[in-house]
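Enquirer: First the structure, then my questions, so here it is.
No value in this document is a laboratory result; all are computed from the given coordinates. As the structure is a computational prediction, the values presented were derived from the model and not from experiment. Methodologically, a virtual Cβ is constructed for each residue, glycine included, from the backbone with ideal geometry; neighbour enumeration extends over all protein chains shown.
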């Protein structure tokens, strides 16, 4: 379908890949992985023609329709959400109009040759119209919008009234409505809640029949969908037949084999070089020395790819809190909305959060999860009831707005150092490195960081402080897979109490031991891990 053959691409002095090849095959679902800056987005742009390869060939089957979802939304204005989504299929709608015109022309008298030519054109156009799902365009657009969390009540809202995150959903809906032959998805789950992620996962598995190439920071999402991994790393592109977990295992096996081969080669070269050095001055061994010099000159040296260093940081033991960390009695929260009516978020929450518990707060989009965390963290007052902290509880709160309070003029190092003023410079450097700021990166100014890098800085400063209750609202947003694993390991080792909201199912499965679900304003408590919650909630809804 799409073949990339011996392609090379360089940005400035950085070589992304050289003489690399891979294929996108009909119906095959592939995950695109690699470290930041390796060239994943460049691969997408090469396929769409936004960039050209320095060398090599990119070929695509004739009439292949490519749909590309990136993190760049572009301008959206002047249409409703539904009309904006439908605008992506304008060509298909035009094809439908052309079919109607041809049907009208068939009723007019014409020669046999003209009728034959018209019928041939009509047959091709009808086949294409059907292939593109032309007979159910609007219903498909509505289904996709609803699945992504924009229901019938919002179909006709102006797109400019939606926030950036919701505009991303509309942009994704446009690409899915096209029903392309090849679907390119660059981080499609970034702005989705769990319900929308589950819908998209199911849609890709059951409804979409084309080829898929995607990047995703959601490990569970990737594992569920892809059957092949394409890795962009170390100036080359490597294909693995399996899902993301298979890729991790196979990559480690291949690296171990490469290390063993490199070690054997180095031992052989050392022996040959020792022989050459020992007998180079002896005329009796001249021919043997020359033979060995020629031999080692011809050997293709095994190069080891640079290791991605992950430094393990031992966090200080947080001060011990009392066994009862947060007590809630008839807790409720309501907001006053535009028409001065009261919108109930949750009510009647009574319970106790105990020391050492790691709790996920779950619920559908808009259920009030973030509001509940704000009430717990003292960021907003409850409308009714009480929430009280236990003895010696020190609270740390993270939300997407936490990044806004960072001082843009400060460096990464200074920001982390301010959070732990008594620590040695080496300790601060190690903490920065544990959150993937190494070398010159610690001297980057905050205002030059990406969203993911700012998240890592805030999380590092939280874990550097003597806090024993962490309240985290979507801490994995903007974090790549490696950063998520770093945070997960840190929280697994954290001996204090954690209450969090996250849409990363792998993260939740690996961390939490209790679940609190907000459902239509009521709070349901599940005394078990995330899988236990899924099982019990499915039983209750059956």
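Enquirer: Calculate log10 I(q)/I(0) of the range 247-298 for q = 0.20, 0.29 Å⁻¹, where I(q) comes from the Debye formula with a single equal point scatterer on each Cα and nothing for solvent.
Expert: Log-scaled intensity ratios, in q order: -0.70, -1.02.
Enquirer: Find the Rg to Rh ratio for the range 149-207, where Rh is the Kirkwood radius over alpha-carbon pairs and Rg uses the same atoms.
Expert: Result for the range 149-207 is an Rg/Rh of 0.95.
Enquirer: Simple spin-label model, 7 Å along Cα-to-Cβ: residue 98 to residue 341 in nm?
Expert: Computed distance between label sites residue 98 and residue 341 equals 4.8 nm.
Enquirer: Relative contact order of the chain, please, whole-number percent, based on alpha carbon pairs below 8 angstrom and at least 6 residues apart.
Expert: Relative contact order comes out at 14 percent.
Enquirer: Let me ask something additional. Using the Cα atoms of the range 11-134 to build a convex hull, what is its mean projected area in square nanometres?
Expert: About 12.2 nm², averaged over all directions.
Enquirer: Now for a different question. According to the square roots a ≥ b ≥ c of the eigenvalues of the Cα gyration tensor, what is the shape class of the range 312-430, taking rounded for a/c under 1.5, prolate for a/b larger than b/c otherwise, and oblate for the remainder?
Expert: Verdict is oblate for the range 312-430.
Enquirer: Largest first, please: the extent of the C-alpha atoms of the range 193-244 along each principal axis, to the nearest Å.
Expert: 37, 23, 14
Enquirer: Tell me, how many Å apart are the Cα centres for the range 353-409 and for the range 269-289?
Expert: Between the Cα centres of the range 353-409 and the range 269-289 lies a distance of 72 Å.
Enquirer: Another question, then. Can you give the log10 of the normalised intensity I(q)/I(0) at q = 0.11, 0.16, 0.22 Å⁻¹, computed with Debye over equal Cα scatterers of the range 91-163?
Expert: -0.45, -0.69, -0.95
Enquirer: Which of rounded, prolate or oblate describes the range 29-86 when judged by the alpha-carbon gyration tensor and an a/c cut-off of 1.5?
Expert: It comes out prolate by the Cα gyration axes.
Enquirer: Given an 8 Å cut-off on Cα distances and at least 6 residues of separation, report the relative contact order of the range 98-188 as a percent.
Expert: 27 percent
Enquirer: Select one label from (1) 0.96; (2) 1.06; (3) 1.23: the one whose number is Rg/Rh (Cα atoms, Kirkwood Rh) as derived from the coordinates shown.
Expert: So the structure-derived entry is (2).
Enquirer: Sticking with this one: Based on the Kirkwood radius over alpha-carbon pairs, what value in µm²/s does the Stokes-Einstein equation return for the translational diffusion coefficient of the range 260-371 at 20 °C and 1.002 mPa s?
Expert: Estimated via Stokes-Einstein, D reaches 96 µm²/s.
Enquirer: Label-point separation (nm) for residue 91 and residue 72, each offset 7 Å from Cα along Cα-to-Cβ?
Expert: 1.9 nm
Enquirer: So if I take the centroid of the Cα atoms in the range 446-496 and the same for the range 194-211, what is the distance between those two points in Å?
Expert: About 29 Å separates the Cα centre of the range 446-496 from the one of the range 194-211.
Enquirer: Could I ask something else about it? Kindly list the residues of the range 353-385 that lie in the label zone of residue 330, defined by a backbone N under 16 Å from the point 7 Å along the Cα-to-C-beta vector.
Expert: Under 16 Å, as judged by backbone N against the label point of residue 330, lie 382-385 of the range 353-385.
Enquirer: Then there is this: How far is the Cα center of the range 85-131 from the Cα center of the range 141-176, in Å?
Expert: 31 Å
Enquirer: Specify whether the C-alpha gyration tensor of the range 427-476 places it in the rounded, prolate or oblate class, a ≥ b ≥ c being the square roots of the eigenvalues: rounded for a/c under 1.5, otherwise prolate if a/b is larger than b/c and oblate if not.
Expert: The shape class here is oblate.
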